[in-house]
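Engineer: I'd like to ask some things about the structure below.
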Amino acid sequence: MENKIFYQDAYIKSFTAQVMNQGKDSDGKYYIVLDQTAFYPTGGGQPHDMGTIENIKVLNVEDAEGEVRHYLESDLQDVSSPVYGVIDWDRRYDHMQQHAGQHILSAAFEQLYGYKTIGFHLGNEMLTIDLETANLLELEAVKVEELANQIILENRPIETKWVTEDELVHYDLRKETKVKEDIRLVIIPNFDYNGCGGTHPKATGEVQAIKIVDWERQKKKVRVQFVCGNRVVKQFAQKNKVLMELTKLLNAPEKDMVEAVTRLLENSKSMEKELEQSRESLLHNEAKSLLEKGKSENRIVSGVFQNRSIQELQKLARIIIAEDEETIVLIVSQNENRLQLVCARGPAETASMKKVMGNALSTINGKGGGSDAFAQGGGEALISGEQMLQHLLELIQ
(Lines give C-alpha, C1' and ligand atoms only; values in the text may rest on other atoms or scores of the structure.)
Protein backbone atom coordinates (compact mmCIF):
# COMPACT_ATOMS: atom_id res chain seq x y z
CA MET A 1 0.00 0.00 0.00
CA GLU A 2 3.04 2.31 0.26
CA ASN A 3 2.74 3.41 -3.37
CA LYS A 4 -0.87 4.61 -2.88
CA ILE A 5 -0.31 8.16 -1.74
CA PHE A 6 -4.03 8.81 -1.24
CA TYR A 7 -3.87 6.50 1.79
CA GLN A 8 -1.06 8.56 3.30
CA ASP A 9 -2.86 11.84 2.70
CA ALA A 10 -6.22 12.14 0.94
CA TYR A 11 -5.66 15.89 0.54
CA ILE A 12 -2.63 15.61 -1.80
CA LYS A 13 -3.52 17.37 -5.05
CA SER A 14 -0.34 16.80 -7.07
CA PHE A 15 2.65 14.47 -7.06
CA THR A 16 5.69 13.31 -9.01
CA ALA A 17 6.28 9.67 -9.97
CA GLN A 18 8.25 7.39 -12.23
CA VAL A 19 6.61 5.31 -14.98
CA MET A 20 7.13 1.63 -14.15
CA ASN A 21 5.14 0.06 -16.93
CA GLN A 22 2.99 0.95 -19.93
CA GLY A 23 0.74 -1.17 -22.12
CA LYS A 24 -2.72 -1.85 -23.52
CA ASP A 25 -5.45 -3.90 -21.93
CA SER A 26 -7.59 -6.56 -23.64
CA ASP A 27 -9.79 -3.79 -25.12
CA GLY A 28 -6.80 -2.05 -26.66
CA LYS A 29 -6.94 0.88 -24.20
CA TYR A 30 -3.59 2.51 -23.34
CA TYR A 31 -2.46 2.76 -19.70
CA ILE A 32 0.60 3.42 -17.56
CA VAL A 33 1.65 2.17 -14.10
CA LEU A 34 3.55 4.49 -11.73
CA ASP A 35 5.86 3.73 -8.80
CA GLN A 36 3.47 5.81 -6.65
CA THR A 37 0.16 7.54 -7.29
CA ALA A 38 -2.37 9.87 -5.72
CA PHE A 39 -5.07 8.77 -8.17
CA TYR A 40 -7.73 6.67 -6.44
CA PRO A 41 -8.86 3.67 -8.54
CA THR A 42 -12.50 2.61 -8.78
CA GLY A 43 -13.42 0.40 -5.84
CA GLY A 44 -15.66 -0.05 -2.82
CA GLY A 45 -18.53 1.86 -4.43
CA GLN A 46 -16.36 4.95 -4.99
CA PRO A 47 -15.56 6.10 -8.57
CA HIS A 48 -11.99 6.72 -9.73
CA ASP A 49 -10.19 10.03 -9.64
CA MET A 50 -9.61 12.11 -12.73
CA GLY A 51 -7.03 14.76 -13.57
CA THR A 52 -3.88 14.94 -15.69
CA ILE A 53 -0.45 13.32 -15.99
CA GLU A 54 2.00 15.53 -17.89
CA ASN A 55 -1.04 17.58 -18.97
CA ILE A 56 -2.62 14.50 -20.58
CA LYS A 57 -6.14 13.73 -19.31
CA VAL A 58 -6.56 10.72 -17.06
CA LEU A 59 -9.77 9.07 -18.24
CA ASN A 60 -9.93 6.08 -15.89
CA VAL A 61 -8.01 4.50 -13.01
CA GLU A 62 -8.30 0.80 -12.18
CA ASP A 63 -6.69 -1.57 -9.70
CA ALA A 64 -5.98 -4.64 -11.86
CA GLU A 65 -3.65 -7.59 -11.40
CA GLY A 66 -2.00 -5.99 -8.39
CA GLU A 67 -1.21 -2.66 -10.06
CA VAL A 68 -2.92 0.71 -10.41
CA ARG A 69 -3.48 1.43 -14.10
CA HIS A 70 -3.87 4.99 -15.32
CA TYR A 71 -5.74 5.18 -18.65
CA LEU A 72 -4.69 8.28 -20.56
CA GLU A 73 -6.28 10.21 -23.41
CA SER A 74 -3.07 9.79 -25.45
CA ASP A 75 0.36 8.18 -25.20
CA LEU A 76 3.19 9.56 -23.11
CA GLN A 77 6.11 10.47 -25.35
CA ASP A 78 8.79 10.20 -22.65
CA VAL A 79 8.42 7.50 -20.02
CA SER A 80 12.02 7.60 -18.80
CA SER A 81 11.72 10.91 -16.93
CA PRO A 82 9.61 11.54 -13.81
CA VAL A 83 6.01 12.54 -14.58
CA TYR A 84 3.84 15.14 -12.85
CA GLY A 85 0.30 14.23 -11.87
CA VAL A 86 -2.50 16.59 -10.85
CA ILE A 87 -5.76 15.42 -9.24
CA ASP A 88 -9.13 16.89 -10.21
CA TRP A 89 -9.60 18.17 -6.67
CA ASP A 90 -13.28 19.15 -6.95
CA ARG A 91 -14.15 15.60 -8.00
CA ARG A 92 -11.93 14.03 -5.32
CA TYR A 93 -13.27 16.20 -2.49
CA ASP A 94 -16.85 15.58 -3.61
CA HIS A 95 -16.21 11.84 -3.39
CA MET A 96 -14.63 12.27 0.06
CA GLN A 97 -17.72 14.13 1.30
CA GLN A 98 -20.15 11.64 -0.21
CA HIS A 99 -18.33 8.52 0.99
CA ALA A 100 -17.96 9.82 4.54
CA GLY A 101 -21.62 10.86 4.48
CA GLN A 102 -22.58 7.34 3.47
CA HIS A 103 -20.72 5.92 6.48
CA ILE A 104 -22.54 8.32 8.78
CA LEU A 105 -25.98 7.67 7.29
CA SER A 106 -25.54 3.88 7.25
CA ALA A 107 -24.37 3.91 10.87
CA ALA A 108 -27.36 6.06 11.87
CA PHE A 109 -29.83 3.64 10.22
CA GLU A 110 -28.25 0.70 11.99
CA GLN A 111 -27.98 2.36 15.41
CA LEU A 112 -31.55 3.68 15.47
CA TYR A 113 -33.45 0.86 13.77
CA GLY A 114 -31.02 -1.99 13.10
CA TYR A 115 -31.29 -1.55 9.32
CA LYS A 116 -28.04 -2.83 7.81
CA THR A 117 -26.61 -1.40 4.59
CA ILE A 118 -26.21 -4.17 2.00
CA GLY A 119 -25.42 -2.02 -1.05
CA PHE A 120 -23.88 1.36 -1.90
CA HIS A 121 -23.50 3.37 -5.12
CA LEU A 122 -21.90 6.79 -5.56
CA GLY A 123 -23.29 8.37 -8.72
CA ASN A 124 -22.52 11.68 -10.43
CA GLU A 125 -25.51 13.42 -8.88
CA MET A 126 -27.06 11.05 -6.34
CA LEU A 127 -25.97 8.39 -3.87
CA THR A 128 -27.93 5.30 -2.93
CA ILE A 129 -27.73 2.75 -0.14
CA ASP A 130 -29.74 -0.46 -0.01
CA LEU A 131 -31.15 -1.24 3.43
CA GLU A 132 -31.91 -4.73 4.68
CA THR A 133 -35.55 -3.99 5.44
CA ALA A 134 -38.80 -4.36 3.53
CA ASN A 135 -40.19 -0.97 4.63
CA LEU A 136 -39.01 2.47 5.68
CA LEU A 137 -41.33 4.90 7.42
CA GLU A 138 -41.12 8.66 6.88
CA LEU A 139 -40.64 9.24 10.61
CA GLU A 140 -37.72 6.78 10.62
CA ALA A 141 -36.05 8.60 7.73
CA VAL A 142 -36.48 11.93 9.52
CA LYS A 143 -34.94 10.61 12.75
CA VAL A 144 -32.00 9.04 10.91
CA GLU A 145 -31.32 12.24 8.99
CA GLU A 146 -31.40 14.23 12.23
CA LEU A 147 -28.88 11.93 13.91
CA ALA A 148 -26.58 11.95 10.86
CA ASN A 149 -26.53 15.75 10.74
CA GLN A 150 -25.95 15.93 14.49
CA ILE A 151 -22.82 13.80 14.05
CA ILE A 152 -21.70 16.21 11.31
CA LEU A 153 -22.28 19.26 13.54
CA GLU A 154 -20.22 17.69 16.33
CA ASN A 155 -17.28 17.65 13.90
CA ARG A 156 -16.02 14.31 15.16
CA PRO A 157 -12.67 13.12 13.84
CA ILE A 158 -12.59 10.56 11.03
CA GLU A 159 -9.64 8.27 11.64
CA THR A 160 -8.09 5.55 9.49
CA LYS A 161 -6.14 2.60 10.82
CA TRP A 162 -4.46 -0.46 9.33
CA VAL A 163 -5.04 -3.64 11.34
CA THR A 164 -4.56 -7.37 11.07
CA GLU A 165 -7.40 -9.86 11.01
CA ASP A 166 -6.61 -10.87 14.59
CA GLU A 167 -6.94 -7.25 15.77
CA LEU A 168 -10.50 -6.92 14.45
CA VAL A 169 -11.89 -8.41 17.66
CA HIS A 170 -11.06 -5.12 19.41
CA TYR A 171 -13.48 -3.14 17.24
CA ASP A 172 -17.28 -3.13 17.08
CA LEU A 173 -17.46 -3.33 13.30
CA ARG A 174 -20.68 -2.38 11.52
CA LYS A 175 -20.12 -5.20 9.03
CA GLU A 176 -17.62 -7.97 8.46
CA THR A 177 -14.58 -7.07 6.36
CA LYS A 178 -14.23 -8.74 2.96
CA VAL A 179 -10.41 -8.79 2.93
CA LYS A 180 -8.18 -10.82 5.23
CA GLU A 181 -5.00 -8.74 4.93
CA ASP A 182 -4.17 -5.05 4.44
CA ILE A 183 -7.34 -4.28 6.40
CA ARG A 184 -8.09 -0.56 6.63
CA LEU A 185 -10.62 0.72 9.15
CA VAL A 186 -12.39 4.07 8.88
CA ILE A 187 -13.39 5.13 12.37
CA ILE A 188 -15.71 7.81 13.75
CA PRO A 189 -15.02 7.35 17.49
CA ASN A 190 -17.98 6.11 19.54
CA PHE A 191 -20.19 6.03 16.46
CA ASP A 192 -18.94 3.96 13.51
CA TYR A 193 -16.22 1.39 12.88
CA ASN A 194 -16.09 0.10 9.33
CA GLY A 195 -13.63 -1.54 6.96
CA CYS A 196 -13.18 0.72 3.93
CA GLY A 197 -10.58 1.50 1.27
CA GLY A 198 -12.09 4.82 0.14
CA THR A 199 -10.98 8.42 0.65
CA HIS A 200 -12.51 10.47 3.47
CA PRO A 201 -12.09 13.91 5.04
CA LYS A 202 -10.41 14.37 8.43
CA ALA A 203 -13.59 15.23 10.33
CA THR A 204 -17.35 14.83 10.01
CA GLY A 205 -17.85 18.60 9.81
CA GLU A 206 -16.39 18.58 6.29
CA VAL A 207 -19.35 16.49 5.12
CA GLN A 208 -21.36 19.70 5.76
CA ALA A 209 -24.83 18.15 5.54
CA ILE A 210 -26.80 15.05 4.58
CA LYS A 211 -30.21 15.13 2.93
CA ILE A 212 -32.36 12.07 2.20
CA VAL A 213 -34.08 12.80 -1.11
CA ASP A 214 -36.29 9.74 -1.62
CA TRP A 215 -36.57 6.00 -1.13
CA GLU A 216 -38.32 3.08 -2.77
CA ARG A 217 -39.02 -0.55 -1.98
CA GLN A 218 -37.23 -3.11 -4.15
CA LYS A 219 -38.37 -6.65 -3.38
CA LYS A 220 -37.16 -7.28 0.20
CA LYS A 221 -34.96 -4.18 0.51
CA VAL A 222 -35.32 -0.40 0.50
CA ARG A 223 -33.15 1.82 -1.72
CA VAL A 224 -32.49 5.24 -0.20
CA GLN A 225 -31.40 8.19 -2.34
CA PHE A 226 -29.44 10.98 -0.65
CA VAL A 227 -26.82 13.69 -1.16
CA CYS A 228 -24.06 15.13 1.00
CA GLY A 229 -21.85 18.21 1.18
CA ASN A 230 -21.83 20.60 -1.76
CA ARG A 231 -24.39 18.41 -3.53
CA VAL A 232 -26.98 19.45 -0.93
CA VAL A 233 -26.48 23.09 -1.90
CA LYS A 234 -26.66 22.25 -5.63
CA GLN A 235 -29.82 20.19 -5.15
CA PHE A 236 -31.42 23.04 -3.18
CA ALA A 237 -30.48 25.56 -5.87
CA GLN A 238 -31.92 23.36 -8.64
CA LYS A 239 -35.16 22.65 -6.82
CA ASN A 240 -35.54 26.28 -5.76
CA LYS A 241 -35.11 27.43 -9.37
CA VAL A 242 -37.83 25.03 -10.53
CA LEU A 243 -40.10 26.12 -7.68
CA MET A 244 -39.65 29.82 -8.47
CA GLU A 245 -40.49 29.22 -12.13
CA LEU A 246 -43.60 27.27 -11.14
CA THR A 247 -44.78 30.04 -8.81
CA LYS A 248 -44.70 32.41 -11.80
CA LEU A 249 -46.40 29.97 -14.19
CA LEU A 250 -49.14 29.04 -11.72
CA ASN A 251 -49.42 32.53 -10.24
CA ALA A 252 -49.40 31.06 -6.75
CA PRO A 253 -47.08 31.48 -3.73
CA GLU A 254 -44.87 28.58 -2.66
CA LYS A 255 -47.10 27.58 0.28
CA ASP A 256 -50.12 27.21 -2.06
CA MET A 257 -48.21 25.30 -4.77
CA VAL A 258 -49.67 21.86 -4.04
CA GLU A 259 -53.22 23.22 -4.05
CA ALA A 260 -52.59 25.09 -7.33
CA VAL A 261 -51.16 22.04 -9.08
CA THR A 262 -53.96 19.81 -7.77
CA ARG A 263 -56.55 22.24 -9.10
CA LEU A 264 -54.76 22.40 -12.46
CA LEU A 265 -54.70 18.60 -12.76
CA GLU A 266 -58.37 18.32 -11.86
CA ASN A 267 -59.27 20.91 -14.49
CA SER A 268 -57.14 19.08 -17.04
CA LYS A 269 -58.88 15.76 -16.30
CA SER A 270 -62.28 17.45 -16.59
CA MET A 271 -61.33 18.99 -19.94
CA GLU A 272 -60.00 15.66 -21.21
CA LYS A 273 -63.28 14.00 -20.26
CA GLU A 274 -65.30 16.70 -22.02
CA LEU A 275 -63.04 16.44 -25.08
CA GLU A 276 -63.48 12.66 -25.20
CA GLN A 277 -67.25 13.07 -24.96
CA SER A 278 -67.14 15.61 -27.81
CA ARG A 279 -65.07 13.22 -29.95
CA GLU A 280 -67.51 10.42 -29.21
CA SER A 281 -70.43 12.64 -30.20
CA LEU A 282 -68.70 13.65 -33.45
CA LEU A 283 -68.01 10.00 -34.29
CA HIS A 284 -71.66 9.11 -33.75
CA ASN A 285 -72.75 11.99 -35.97
CA GLU A 286 -70.21 10.98 -38.60
CA ALA A 287 -71.39 7.37 -38.41
CA LYS A 288 -75.01 8.45 -38.81
CA SER A 289 -74.16 10.52 -41.89
CA LEU A 290 -72.15 7.66 -43.46
CA LEU A 291 -74.94 5.18 -42.69
CA GLU A 292 -77.58 7.34 -44.38
CA LYS A 293 -75.40 7.51 -47.48
CA GLY A 294 -74.71 3.77 -47.36
CA LYS A 295 -78.37 2.80 -47.32
CA SER A 296 -78.67 4.21 -50.83
CA GLU A 297 -75.53 2.36 -51.99
CA ASN A 298 -76.36 -1.33 -51.51
CA ARG A 299 -75.97 -0.99 -47.72
CA ILE A 300 -72.19 -0.59 -48.07
CA VAL A 301 -70.72 2.24 -46.02
CA SER A 302 -67.36 3.26 -47.46
CA GLY A 303 -64.98 6.17 -47.39
CA VAL A 304 -61.42 7.43 -47.73
CA PHE A 305 -60.05 9.56 -44.88
CA GLN A 306 -56.85 11.44 -44.21
CA ASN A 307 -54.60 10.81 -41.16
CA ARG A 308 -57.10 8.91 -39.03
CA SER A 309 -55.78 6.44 -36.47
CA ILE A 310 -56.67 2.78 -36.76
CA GLN A 311 -58.31 2.97 -33.33
CA GLU A 312 -60.61 5.78 -34.47
CA LEU A 313 -61.50 3.92 -37.66
CA GLN A 314 -62.32 0.79 -35.65
CA LYS A 315 -64.58 2.74 -33.31
CA LEU A 316 -66.37 4.38 -36.25
CA ALA A 317 -66.97 0.99 -37.89
CA ARG A 318 -68.32 -0.54 -34.68
CA ILE A 319 -70.79 2.32 -34.22
CA ILE A 320 -72.10 1.86 -37.78
CA ILE A 321 -72.66 -1.93 -37.61
CA ALA A 322 -74.23 -1.54 -34.18
CA GLU A 323 -76.81 0.79 -35.75
CA ASP A 324 -77.55 -1.44 -38.77
CA GLU A 325 -76.95 -5.22 -38.70
CA GLU A 326 -77.21 -5.47 -42.50
CA THR A 327 -74.40 -3.00 -43.24
CA ILE A 328 -70.88 -3.64 -44.53
CA VAL A 329 -68.22 -1.05 -43.66
CA LEU A 330 -65.10 -0.48 -45.80
CA ILE A 331 -62.81 2.33 -44.57
CA VAL A 332 -59.41 3.47 -45.83
CA SER A 333 -57.19 6.14 -44.28
CA GLN A 334 -54.11 7.67 -45.93
CA ASN A 335 -51.44 8.37 -43.29
CA GLU A 336 -48.38 9.87 -45.04
CA ASN A 337 -46.75 6.88 -46.79
CA ARG A 338 -49.07 4.24 -45.32
CA LEU A 339 -52.64 3.04 -45.74
CA GLN A 340 -54.84 1.91 -42.81
CA LEU A 341 -57.83 -0.35 -43.53
CA VAL A 342 -60.90 -1.46 -41.57
CA CYS A 343 -63.48 -3.93 -42.92
CA ALA A 344 -66.55 -4.84 -40.85
CA ARG A 345 -70.02 -6.34 -41.31
CA GLY A 346 -73.18 -6.54 -39.30
CA PRO A 347 -74.48 -9.90 -37.97
CA ALA A 348 -76.97 -10.18 -40.83
CA GLU A 349 -74.19 -10.29 -43.45
CA THR A 350 -72.07 -13.36 -44.28
CA ALA A 351 -69.07 -12.08 -46.27
CA SER A 352 -65.68 -12.85 -44.65
CA MET A 353 -63.96 -9.60 -43.72
CA LYS A 354 -60.83 -11.57 -42.82
CA LYS A 355 -60.50 -12.87 -46.39
CA VAL A 356 -61.23 -9.46 -47.89
CA MET A 357 -58.59 -7.88 -45.65
CA GLY A 358 -56.01 -10.55 -46.48
CA ASN A 359 -56.50 -10.05 -50.21
CA ALA A 360 -56.28 -6.25 -49.92
CA LEU A 361 -53.18 -6.27 -47.71
CA SER A 362 -51.31 -8.52 -50.14
CA THR A 363 -51.32 -5.67 -52.67
CA ILE A 364 -49.57 -3.21 -50.30
CA ASN A 365 -47.15 -5.46 -48.40
CA GLY A 366 -49.38 -5.08 -45.40
CA LYS A 367 -50.05 -6.85 -42.13
CA GLY A 368 -53.25 -7.22 -40.17
CA GLY A 369 -55.77 -9.60 -38.75
CA GLY A 370 -59.20 -10.06 -37.31
CA SER A 371 -62.25 -12.28 -37.72
CA ASP A 372 -64.84 -12.96 -40.41
CA ALA A 373 -66.92 -10.15 -38.92
CA PHE A 374 -64.26 -7.53 -38.23
CA ALA A 375 -60.71 -7.09 -39.60
CA GLN A 376 -58.09 -4.35 -39.72
CA GLY A 377 -54.57 -3.80 -41.01
CA GLY A 378 -52.14 -1.50 -42.75
CA GLY A 379 -49.34 -1.35 -45.30
CA GLU A 380 -47.35 0.77 -47.72
CA ALA A 381 -49.16 3.38 -49.80
CA LEU A 382 -48.30 1.68 -53.09
CA ILE A 383 -51.67 2.80 -54.46
CA SER A 384 -53.93 5.69 -53.57
CA GLY A 385 -56.64 5.51 -50.92
CA GLU A 386 -59.32 5.75 -53.62
CA GLN A 387 -57.77 2.87 -55.56
CA MET A 388 -57.65 0.73 -52.43
CA LEU A 389 -61.28 1.50 -51.64
CA GLN A 390 -62.31 0.55 -55.19
CA HIS A 391 -60.40 -2.73 -54.77
CA LEU A 392 -62.26 -3.46 -51.51
CA LEU A 393 -65.62 -2.74 -53.17
CA GLU A 394 -64.78 -5.11 -56.02
CA LEU A 395 -63.83 -7.85 -53.56
CA ILE A 396 -67.15 -7.48 -51.73
CA GLN A 397 -69.24 -7.34 -54.89
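The values are calculated or read from the model by the stated rules, or taken from the named source; none is laboratory data. Here the structure is a predicted model, which is why all the values come from computation and not from measurement. Don't worry about glycine lacking a Cβ; one is built from the backbone with ideal geometry, like all the others, and counts go over all protein chains shown.
Engineer: Report yes if A381 is surrounded by fewer than 18 Cβ atoms within 10 Å (Cβ to Cβ), in the same structural domain as V304 (by TED's automatic domain parsing), among the aliphatic types (A, V, I, L, M) and in contact with a Pro (Cβ under 9 Å, 6 or more places away or on another chain), otherwise no.
Structural biologist: no
Engineer: Shifting gears a bit: Yes or no: segment 23-37 includes at least one residue that is within 25 Å of G119 (Cα to Cα) and not assigned by TED's automatic domain parsing to the domain that holds M126.
Structural biologist: no
Engineer: So which residues in segment 119-164 are outside any strand (DSSP E or B), of a type in the set (V, I, T), under 20 Å from V186 (Cβ atoms) and within 36 Å of the chain's Cα centre (by Cα)?
Structural biologist: V144, I151, I152, I158
Engineer: So which pairs qualify, if the first residue must be in segment 222-246 and at negative phi and free of Cβ contacts under 8 Å to residues at least 40 places away in the same chain, the second must be part of a helix (DSSP H, G or I) and of a type in the set (D, E, K, R), the Cβ gap must be under 7 Å, and the two must be at least 6 apart or on different chains?
Structural biologist: Pairs that qualify, where the first residue is at negative phi and free of Cβ contacts under 8 Å to residues at least 40 places away in the same chain and the partner is part of a helix (DSSP H, G or I) and of a type in the set (D, E, K, R), are L243/E254.
Engineer: Can we say A252 is in contact with an Asp or Glu (Cβ under 8 Å, 6 or more places away or on another chain) and outside the structural domain of L127 (by TED's automatic domain parsing)?
Structural biologist: yes
Engineer: How many of the residues in segment 1-51 are assigned to a loop (DSSP other than H, G, I, E, B), closer than 21 Å to H103 by Cβ and more than 35 Å from the chain's Cα centre (by Cα)?
Structural biologist: 2
Engineer: Identify the single condition in (1) more than 24 Å from K234 (Cβ to Cβ); (2) at pLDDT 95 or above that E145 does not satisfy, given that it satisfies every other one.
Structural biologist: Here E145 clears every test but (1).
Engineer: Go through the residues of segment 96-110 one by one and say whether even a single one is over 23 Å from K234 (Cβ atoms) and either part of a loop (DSSP other than H, G, I, E, B) or more than 30 Å from the chain's Cα centre (by Cα) (or both).
Structural biologist: No, every residue in segment 96-110 fails to be over 23 Å from K234 (Cβ atoms) and either part of a loop (DSSP other than H, G, I, E, B) or more than 30 Å from the chain's Cα centre (by Cα) (or both).
Engineer: A follow-up question, please. Of the residues in segment 165-220, how many are more than 32 Å from the chain's Cα centre (by Cα) and of a type in the set (S, T, N, Q)?
Structural biologist: The total comes to 1.
Engineer: Is there any pair linking a residue in segment 154-166 that is among the aromatic types (F, W, Y) to one that is exposed (fewer than 12 other Cβ atoms within 10 Å of the Cβ) and not in a helix (DSSP H, G or I), with Cβ under 8 Å and at least six apart or on different chains, and which?
Structural biologist: Within 8 Å, the pairs are W162/M1; W162/D182.
Engineer: Okay, next question. Within segment 52-95, take every residue that is part of a strand (DSSP E or B) and under 25 Å from the mean Cα position of the chain (by Cα) and give me the one that is surrounded by the most Cβ atoms within 10 Å (Cβ to Cβ).
Structural biologist: My answer is N60.
Engineer: Related question: Among the residues of segment 127-139, are any among the β-branched types (V, I, T), in contact (Cβ under 8 Å) with a residue 12 or more places away in the chain and closer than 15 Å to E206 by Cα?
Structural biologist: No, there is no match, as no residue in segment 127-139 is among the β-branched types (V, I, T), in contact (Cβ under 8 Å) with a residue 12 or more places away in the chain and closer than 15 Å to E206 by Cα.
Engineer: Against the definition (farther than 19 Å from F6 by Cα, surrounded by 15 or more Cβ atoms within 10 Å (Cβ to Cβ) and not charged (D, E, K, R)), how does L185 come out, yes or no?
Structural biologist: no
Engineer: Does L393 meet the test of being in contact with a Leu (Cβ under 8 Å, 6 or more places away or on another chain), within 19 Å of K293 (Cβ to Cβ) and not in a strand (DSSP E or B)?
Structural biologist: Yes: the conditions hold for L393.
Engineer: Looking at G205, G195, can you tell me which residue is surrounded by 15 or more Cβ atoms within 10 Å (Cβ to Cβ) and either out of contact with any Ser or Thr (no Cβ under 8 Å at 6 or more places or on another chain) or at pLDDT 95 or above (or both)?
Structural biologist: Just a single option satisfies the conditions, and that option is G205.
Engineer: Run down L275, L313, L265 and say which single residue is of a type outside the set (S, T, Y) and surrounded by 15 or more Cβ atoms within 10 Å (Cβ to Cβ).
Structural biologist: Result of the check over L275, L313, L265: L313.
Engineer: Restricting to segment 117-136, give me the number of residues that are out of contact with any His (no Cβ under 9 Å at 6 or more places or on another chain) and closer than 10 Å to F226 by Cα.
Structural biologist: Number satisfying all stated conditions: 2.
Engineer: So is G198 closer than 29 Å to H48 by Cβ and in contact with a His (Cβ under 6 Å, 6 or more places away or on another chain) or not?
Structural biologist: yes
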